[in-house]
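S.K.: My questions will all concern the structure given below.
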Amino acid sequence: MDPALLAVGRVARAHGLRGRLLVQPYNAGSEGLTRVRRMWLAGREYEVARAERVNLGYLVALRGIEDRDAADALRGQEVMVDRAELPPPDEGEVYAIDLIGFEVVDAQGKPRGIVEDLEEAGPQDLLRLKDGMLVPLGLVREVQMEARKLIVEAPEGLFEE
């Protein structure tokens, strides 16, 4: 069975002469990447030789990436991992990717759309609704998992009529 791949970060740059990568995780507080055995970059699977948490993210050594030039060629690539290798989210947490398909409603209960995808916009993630509307993830006040619903605290003007 094919792994369920989850985007967890991007390659920021090469590190050192032996081909290690500095990976900036999408979730700055994550610790899960030290446990993964495989990563996918640019559509190719790599075995992780070593990964360690550092101040700016993770230093990762991949088998087959042996020098700085090979590592530098991966700069900017999105890093995907098998979801099964990540720890389950803590109580009260959810992987943002799991919000796709959820209904978004405002604090008054008015439906505003269905989450179609996630986008990265600097330090914050955005929920892209099916109509193209972008909603900052930080506006989500409540996640109702069973109802597959997100309650957002929308500032005036976010949902123009």
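Taken together, the values in this text are just the output of simple stated rules run on the coordinates, not laboratory data. Quantities reported herein were computed from a predicted structural model and do not represent experimental measurements. We place every Cβ from the backbone using ideal geometry, glycine too, and count neighbours over all the protein chains shown.
S.K.: Residue check: is Tyr46 buried (at least 16 other Cβ atoms within 10 Å of the Cβ), without any contact (Cβ under 8 Å) to a residue 40 or more places away in the chain and aromatic (Phe, Trp, Tyr)? Before you say what the answer is, go through the steps one by one.
M.R.: Details: buried (at least 16 other Cβ atoms within 10 Å of the Cβ): yes; without any contact (Cβ under 8 Å) to a residue 40 or more places away in the chain: yes; aromatic (Phe, Trp, Tyr): yes.
When the stated conditions are applied, Tyr46 passes them.
S.K.: A further question follows. Which of the residues that make up segment 64-110 are part of a loop (DSSP other than H, G, I, E, B), crowded, with 16+ Cβ neighbours inside 10 Å and of a type in the set (D, E, K, R)?
M.R.: Correct list: empty.
S.K.: Taking the condition of being of a type in the set (D, E, K, R), surrounded by fewer than 16 Cβ atoms within 10 Å (Cβ to Cβ) and not in a loop (DSSP other than H, G, I, E, B), how many residues in segment 117-161 meet it?
M.R.: Our first condition is that a residue be of a type in the set (D, E, K, R); within segment 117-161, this holds for 117, 119-120, 125, 128, 130-131, 141-142, 146, 148-149, 153, 156, 160-161.
Filter once more, so that each one left must be surrounded by fewer than 16 Cβ atoms within 10 Å (Cβ to Cβ): 117, 119-120, 130-131, 141-142, 146, 148-149, 153, 156, 160-161.
Now drop any that are not not in a loop (DSSP other than H, G, I, E, B), which leaves 117, 119-120, 141-142, 149.
Within segment 117-161, residues that are of a type in the set (D, E, K, R), surrounded by fewer than 16 Cβ atoms within 10 Å (Cβ to Cβ) and not in a loop (DSSP other than H, G, I, E, B) number 6.
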